[in-house]
Amino acid sequence: MERGSRPERRELEDILRQVSELDRWRGAPQARGLDLQSRFVKVHRARARVCVCVCVCVCGGLCLMAEELVWSAGAPRLSSYIQLLQDDVEKSLLRPLDRGKAEGDRDDAPGRPASHTQRPRGPPTLPPLPFSVPQSLTVSPVLGGFPVSTEQAVELRKILFGNTFHIFSYEWKKSFFKFREPNSELSYTLEAERGGTRAVQIVIQANIIKHLLFGPHADQHGGLPVLGEKDQDRALTAALADVLWTAGEDQAATVSLATWTISFTPPPGYKLDSITERLHLFSFSRKEDVQKFICEHIRCFKEEGSHGVILLLCSLVFSRTTDRLRQDLDATTSHLLQPSFGSFVCRQALLNLLLTGRATPHVFNGTVQYDEAGRLLERPLRGVLTRSDIGYLHWSREQGRGSKLLKVGSMLKTPRLPIWVCSINGTYSVLFSPNRSLLSDWRMEHLFKLYFYTGQPTQTSTALLTIDTHSHHWELKALDAHEDPEKKFPSLEMTIRTKWEGAAINWNGTVPFF
């Protein structure tokens, strides 16, 4: 049998050459920061090369087997053997590894202080996987709490993804809560990533604004706050604690952080992700204790590599409990995250959980028992039951054209405080006013100001808008029946008018965006 064409042989030789190069790197000192993740990223850009190199690092002699398989199979079936190698790698991770002390834990490891704790015996330890939490951002089990169990991890995966073989994407793993520069004009704001994690970051941003403008230590001058680094930590702590405490129905909350060792042997069908298996849970029955604990470990949410957004999401699920979450959901929604372009985005149920403490899947008020034809539904549709501190506004260009715009109920449109998370054409942002009386005194709604923040790094200052609800300068009826209102009015203005119909909006010199 011919061993393959010359182009195919050259391609495999190139792969094996880079494998050999990776093997030479394995002895590089850790002080240079060349951990497993960076070696993968720098040397192996293609999926096939990643698979072969993982085999070299984890399974040793599989490389020679890979060469024989490729030559015997030929180019047309190369992808199937790459998948075979992937499966073999995952199986090898489930076997206990006899490696002695990890490279990063050696007493003579350069650039690291001597370790004062030993790893507990018992559960098998995972080797460092790509995008795993750095050891400096993990916690020790001696702090108390309890390791996540197999049953809890399985239930967590199912309520998030609907199964146990989906895992968080790289986009989610790299996301954390990052403030802008301290003592700057935007020092009170977080940078929000593009993609699925943005919704979570913007809701936390709204809670930070709530704490700064309307909390017990709020500045009564009504202006936008300027924060130092310690003030930023306190604001983030308050925001995270508020969200978790509300999910626990103001009675309890659970904070999940990562440890360096895994807590259980994954069952069949459970795909490793280097984070869920290492969770350690800390439960509290007093809000002050939750705040104190989060404050002491705020680095685990705000530093690069911490997986801070994932840790908050897991904490949110454990605070609400999977049993209560299933009671919140209905026949239209069985889990909280939805696949989208190779990653995951938040379903409305997760957004409502962050805003109201309940994972109801709809934005209308109350519960719907009947369909549009008046027939009794087999299972009722669950909407928002109570008014929350932070509201929600929605505008979609596509839905607006077809008169199918999502109808947000008054519970979310008129929250207790003048802060709204806005979903504008699928992108999240926050709209707010420092005037607490805006929603409690109808005279305040004649002429008022709103601040708008998108979370994007390109925004250099908070936009200030003036809203006039009585001048009627804007009339949708004046548009041609086939004319798109967005060609005349920015999407943000259309969003604001879902709350204040017919309002005239002045951007005060800012070039309109959104």
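Scoring 348-359, 330-341 by mean Cβ neighbours within 10 Å over their residues and listing the highest first yields 348-359, 330-341. Exceedance of the 32 Å cut-off in Cα-Cα distance is limited, within the set K174/K488; K173/K210; K178/K499, to K174/K488.
Shape annotation for region 308-416: C-alpha extents along the principal axes are 43, 34, 31 Å, from largest to smallest.
Here the Debye sum runs over all C-alpha atoms of region 230-386 as equal scatterers in vacuum, and log10 of I(q)/I(0) at q = 0.16, 0.19 Å⁻¹ comes out as -0.98, -1.24. In terms of the Cα gyration tensor, with a ≥ b ≥ c the square roots of its eigenvalues, is region 173-261 rounded because a/c is under 1.5, prolate because a/b exceeds b/c, or oblate? It comes out oblate by the Cα gyration axes.
For the pair T332 and V142, what calculated FRET efficiency results from E = 1/(1 + (r/R0)^6), where r is the Cβ-Cβ distance and R0 = 35 Å, to the nearest 0.05?
Numbers: r = 44 Å, r/R0 = 1.26.
My answer for the efficiency is 0.20.
A straight chain from N163 to T510 at 0.36 nm per residue would run longer than the Cα-Cα distance by 120.3 nm. A cut-off under 15 angstrom between Cβ atoms defines the neighbours of K413, and their net charge, with Lys, Arg +1 and Asp, Glu -1, is +2. Distance between the modelled labels on S437 and K271, one decimal in nanometres: 5.6 nm (7 Å Cα→Cβ projection). If R0 is taken as 35 Å, the Cβ-Cβ distance between N425 and R286 corresponds to a FRET efficiency of 0.25.
Spacing of the modelled spin labels on E378 and E151, each 7 Å from Cα toward Cβ, amounts to 3.0 nm. Based on Cα contacts under 8 Å between residues 6+ apart, region 227-279 shows a relative contact order of 27 percent.
What's the local net charge at K499, with K and R +1, D and E -1, over the other residues with C-beta under 10 Å away? Each step should come with its number before you reach the end.
Numbers: positive: K413, R497; negative: E445, E501.
For residues surrounding K499, the net value is 0.
Computed as a quarter of the hull surface, the mean projected area of the alpha carbon convex hull for region 393-460 stands at 5.7 nm². If you take every DSSP beta bridge fully contained in region 301-405, what fraction is antiparallel? Give it as a percent rounded to 5. In region 301-405, approximately 90 percent of DSSP beta bridges are antiparallel ones. Dimensions of region 424-467 from C-alpha coordinates, computed as largest minus smallest value along each principal axis and given longest first, are 35, 22, 15 Å. For the listed peptides 414-425, 146-157, a ranking on the average number of other beta carbons within 10 Å per residue, highest first, reads 414-425, 146-157.
None of the figures in this text is laboratory data; all of them are computed from the coordinates on show. Just so it is clear, the model here is predicted, and its values are computed rather than measured. For neighbour counting, all protein chains shown are included, and Cβ atoms are generated from backbone atoms with ideal geometry for every residue, glycine included.
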